[in-house]
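What follows is a single structure, written as structure tokens, with notes after it.
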Amino acid sequence: MSTGMRIVVIDDEMMSLRMARRVFEKAGIEGSYFGSGAEAFTFLNGENIPDLILLDVHMPGEDGFEILRRLKAEPVYRNVPVVFLTGDEDVRTETAGLHAGAADFIRKPFAAEVLLKRVRNIVELNRLHGDMEREIRAKTEKLSRAYIQIVQALAASVDAKDRYTHGHSSRVAKYAREIAARAGFSEAEQDAIYMMGLLHDVGKIGISDAIINKAGRLTDGEFAQIKTHPAVGAEILEKITDLPELKTGARWHHERYDGRGYPDGLAGEEIPEVARIIAVADTYDAMTSNRSYRGQLPQAQVRAEIARCSGSQFDPRFAGIMLDMIDGDKDYTMREV
């Protein structure tokens, strides 16, 4: 009866191959047997993935260490346990093999019972480890999805305070991520910038709805209250101690490249890159959305304003990327609809 276990044995000694074949066939284990690494790699070919590979250390041509290095260099075989077969009693060989990634050593000539027990134990342990990794990965992905949904819900609740704008935070996050992607940021960095973009206005939770939705010009006192939202947002987000960088977009998205922004009056490279990106995305969406005091602006006017403020309000590098995005948006789809 087949056990569903598949192994590969690589050994230049025909006697060892024949003995291994007898042991595994009797135990119902499917095996493939090769006298060299070249034969084995022709069979494996990146497609046949066994549960375990038994590999002789000392062979003419490629020895066991060279074959092991080749196996570990191929992603599909990286997690397949490799067990060295050896008659070598040198402890240094074992140490070198374990450092190279071997799962274990089995002495030759091997006893059938010992060989079977070692192989079964290693395969079962590796399968258990794989099951645990998959379970952890699935739970992590589930938690990540839940976290994103919570952040999106929080961002939506902030946007809901302004009856004139819908989806502002999600659009800013999307634009910021695209700018970061075009600037060469990694996928992980793009994900982080997206999250910061979603939460950049979280401090507006503490601002009166009457001020946010005021149709006319704000008084100096009302504008002073509006200007508190970056610091309030940072104060809220810094309580998430596992993600200390999350507050970056909230606190500094109203800083200006020329140093005339708020709340800290940072300038140029003093402003974190992610905040400089979000600043461009935020202003772009403000101009392309309906507001309490005006409707969305024509695309040509938006482009002219981004270009005019490059180097003063905005980092020229990220303003330039935003201009490229505008130029590629022939039908003016990047706006509130």
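The values are calculated or read from the model by the stated rules, or taken from the named source; none is laboratory data. As the structure is a prediction and not an experimental result, all values here were calculated from the model. In this analysis, Cβ positions are derived from the backbone assuming ideal geometry, glycine residues included, and neighbour counts consider all displayed protein chains.
Consider V123 against the criteria (1) of a type outside the set (S, T, N, Q); (2) within 15 Å of F84 (Cα to Cα); (3) surrounded by fewer than 12 Cβ atoms within 10 Å (Cβ to Cβ): it satisfies all of them except one. Which criterion is unmet?
It fails just one condition, (3).
Given the condition charged (D, E, K, R) and in contact with a Gly (Cβ under 7 Å, 6 or more places away or on another chain), answer yes or no: does some residue in the stretch 204-223 qualify?
no
Name the strands (runs of 3 or more DSSP E) wholly within the stretch 30-133 that hold at least 3 residues that are more than 14 Å from V8 (Cα to Cα)?
In the stretch 30-133, the matching strands (runs of 3 or more DSSP E) lie at 104-107.
Say we look at the stretch 26-54 and pick out the residues that are within 17 Å of R70 (Cα to Cα) and among the polar types (S, T, N, Q); which of these is surrounded by the most Cβ atoms within 10 Å (Cβ to Cβ)?
It comes out as S36.
If the requirement is being more than 33 Å from the chain's Cα centre (by Cα) and not basic (K, R), which of these qualifies: G311, G268, G221?
The conditions single out G221.
Can you pull out every residue in the stretch 248-307 that is of a type in the set (S, T, N, Q) and within 18 Å of T333 (Cα to Cα)?
Matches in the stretch 248-307: T283, T288, S289, N290, Q296, Q299, Q301.
Inside the stretch 158-234, counting only helices (runs of 4 or more DSSP H) that do not spill past its ends, which hold 2 or more residues that are without any contact (Cβ under 8 Å) to a residue 60 or more places away in the chain and surrounded by fewer than 16 Cβ atoms within 10 Å (Cβ to Cβ)?
187-198, 209-212, 220-226
Residue under question is E133, and the condition is that it be farther than 20 Å from F34 by Cα, without any contact (Cβ under 8 Å) to a residue 24 or more places away in the chain and either surrounded by 17 or more Cβ atoms within 10 Å (Cβ to Cβ) or among the hydroxyl-bearing types (S, T, Y) (or both); does it hold?
Answer is no for this residue.
Would you mind stating whether Y257 is surrounded by fewer than 16 Cβ atoms within 10 Å (Cβ to Cβ), touching a helix residue (DSSP H, G or I) at 6+ places or on another chain (Cβ under 7 Å), farther than 19 Å from A155 by Cβ and at pLDDT 95 or above?
Judged against the criteria, Y257 is not a match.
Suppose we keep only residues that are of a type in the set (S, T, N, Q) and loosely packed, with under 13 Cβ neighbours inside 10 Å within the stretch 65-105. Which one would you say is modelled with the lowest pLDDT?
The qualifying residue modelled with the lowest pLDDT is T95.
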